[in-house]
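A.B. asks: Let me give you the structure first, and then I'll get to my questions.
The values are calculated or read from the model by the stated rules, or taken from the named source; none is laboratory data. Note that the coordinates shown come from a computational prediction; the quantities given were computed from them, not determined experimentally. When we count neighbours, we look across all protein chains shown, and the Cβ atoms used for this are built from the backbone with ideal geometry, even at glycine.
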Amino acid sequence: MAIDYLAAVRDNAALLAAAARDGSLDADVPACPGWDVNRLLGHLGRVHRWATEACRTGAEPLPERLESPPRDETVVAWFEDGVGPLVDALTVLDPDAHVWNFSNGHQDGRFWPRRMAIETAIHRWDGQEAHGVVTPIDAELASDGMDELLDVHVGLRLAGRDGIDIGGSVHFHCTDTDGEWTVRTDDGLARVTRGHTKGDVAVRGPASSLLLMQWRRIPPDDPSLEVFGDREIFDRWLDLPVPQ
């Protein structure tokens, strides 16, 4: 069944706004050191506006032309005002049209619905964590997020770093939905195999936990995750630059 990315954007944005209204905008966001919930909303609201502009024009937006977020209680409404235009732009977006994105892959429209759904879901989790009550990311979306991370973000992490080698392979396995990947590094590139294979180290857990661990939201020794095999290889994987 296809993932409804637009519903994921709307639903997770609504949950984040609700968490902000129910809690304090001054609350620290543990996943983003130095940020409070006000800044989190401002960041995601700007990302939504940035993606909206990319989808509408097909070109890379100029950050200085984006609307700046307020630093007061009006930031929640400001954040919400950016969700509808984003969903509208994604709704009419031709997946095969040439549309700029920041990846090293295809520059087409299909990049943005998935990226915005995953970005919004992760930051929804951040906002909820700031107030002490979190719900997992939808399992199918989180598994898709693992695919995206390995397809897009790992390559960006390794770009220009020839010679990077973690010394073996890491197998990631979702326990609550489809999703298995084995990744190894090879002279600055990531080689990903999908499906059931054996790695030098295996990391198993719910899709949400695997994705949140990869984005450094939860630690690798979180109780929801199991690690089997050569832990040093996994530690070297974790020592690679964090995706931004």
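A.B. asks: Go through the range 225-244 residue by residue and tally those that are part of a strand (DSSP E or B) and closer than 22 Å to GLU140 by Cα.
C.D. replies: Qualifying residue count for the region: 2.
A.B. asks: What is the one condition in (1) within 27 Å of SER24 (Cβ to Cβ); (2) surrounded by fewer than 16 Cβ atoms within 10 Å (Cβ to Cβ); (3) not assigned by TED's automatic domain parsing to the domain that holds ASP36 that ALA77 does not satisfy?
C.D. replies: (3)
Residue by residue, here is whether (1) touching a helix residue (DSSP H, G or I) at 6+ places or on another chain (Cβ under 9 Å); (2) more than 26 Å from SER143 (Cα to Cα); (3) hydrophobic (A, V, I, L, M, F, W, C) holds:
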| site | (1), (2), (3) |
| --- | --- |
| LEU41 | yes, no, yes |
| ARG46 | yes, no, no |
| ARG65 | yes, yes, no |
| VAL83 | yes, no, yes |
| ASP96 | no, no, no |
| ARG115 | yes, no, no |
| THR120 | yes, no, no |
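A.B. asks: Have a look at ARG114, ARG157, ARG124 and point out the one that is more than 11 Å from the chain's Cα centre (by Cα), touching a residue at least 40 places away in the same chain (Cβ under 8 Å) and assigned to a helix (DSSP H, G or I).
C.D. replies: ARG157
A.B. asks: Further question: Please determine, by comparing only the residues of the range 91-118 that are over 16 Å from GLY145 (Cβ atoms) and of a type in the set (A, V, I, L, M), which one is surrounded by the most Cβ atoms within 10 Å (Cβ to Cβ).
C.D. replies: So the residue we want is VAL99.
A.B. asks: Same structure, new question: Could you list all residues from the range 98-113 that are at pLDDT 95 or above and either touching a helix residue (DSSP H, G or I) at 6+ places or on another chain (Cβ under 9 Å) or not assigned by TED's automatic domain parsing to the domain that holds ALA20 (or both)?
C.D. replies: Within the range 98-113, VAL99, TRP100, ASN101, GLY109, PHE111, TRP112, PRO113 meet the criteria.
A.B. asks: Then there's this: I'd like the full set of residues that are of a type in the set (Gly, Ala, Ser) and free of Cβ contacts under 8 Å to residues at least 40 places away in the same chain, limited to the range 196-228.
C.D. replies: Those that are of a type in the set (Gly, Ala, Ser) and free of Cβ contacts under 8 Å to residues at least 40 places away in the same chain: GLY199, ALA202, GLY205, SER224.
A.B. asks: For the subset of the range 169-189 comprising residues that are surrounded by 20 or more Cβ atoms within 10 Å (Cβ to Cβ) and of a type in the set (Gly, Ala, Ser), which member is farthest from ARG231 (Cα to Cα)?
C.D. replies: Among them, the one singled out is GLY179.
A.B. asks: Hey, another quick one. Scanning the range 206-224 for residues that are surrounded by 22 or more Cβ atoms within 10 Å (Cβ to Cβ) and not in a loop (DSSP other than H, G, I, E, B), which turns out modelled with the lowest pLDDT?
C.D. replies: Looking at residues that are surrounded by 22 or more Cβ atoms within 10 Å (Cβ to Cβ) and not in a loop (DSSP other than H, G, I, E, B), I get GLN214.
A.B. asks: Could you say which residue among ASP126, ASP88 is more than 29 Å from ASP28 (Cβ to Cβ) and either surrounded by fewer than 20 Cβ atoms within 10 Å (Cβ to Cβ) or in contact with a Leu (Cβ under 9 Å, 6 or more places away or on another chain) (or both)?
C.D. replies: So the residue among ASP126, ASP88 that is more than 29 Å from ASP28 (Cβ to Cβ) and either surrounded by fewer than 20 Cβ atoms within 10 Å (Cβ to Cβ) or in contact with a Leu (Cβ under 9 Å, 6 or more places away or on another chain) (or both) is ASP88.
A.B. asks: If ASP222 satisfies all but one of (1) farther than 29 Å from ASN101 by Cβ; (2) touching a Phe, Trp or Tyr at 6+ places or on another chain (Cβ under 6 Å), what's the number of the condition it fails?
C.D. replies: Among (1) farther than 29 Å from ASN101 by Cβ; (2) touching a Phe, Trp or Tyr at 6+ places or on another chain (Cβ under 6 Å), the lone unmet condition for ASP222 is (2).
A.B. asks: Does the range 54-70 contain any residue that is touching a residue at least 40 places away in the same chain (Cβ under 8 Å), surrounded by fewer than 19 Cβ atoms within 10 Å (Cβ to Cβ) and assigned to a helix (DSSP H, G or I)?
C.D. replies: No, the range 54-70 contains no residue that is touching a residue at least 40 places away in the same chain (Cβ under 8 Å), surrounded by fewer than 19 Cβ atoms within 10 Å (Cβ to Cβ) and assigned to a helix (DSSP H, G or I).
A.B. asks: Which one is nearest to the chain's Cα centre (by Cα) among residues in the range 88-111 that are part of a loop (DSSP other than H, G, I, E, B) and among the aromatic types (Phe, Trp, Tyr)?
C.D. replies: It comes out as PHE102.
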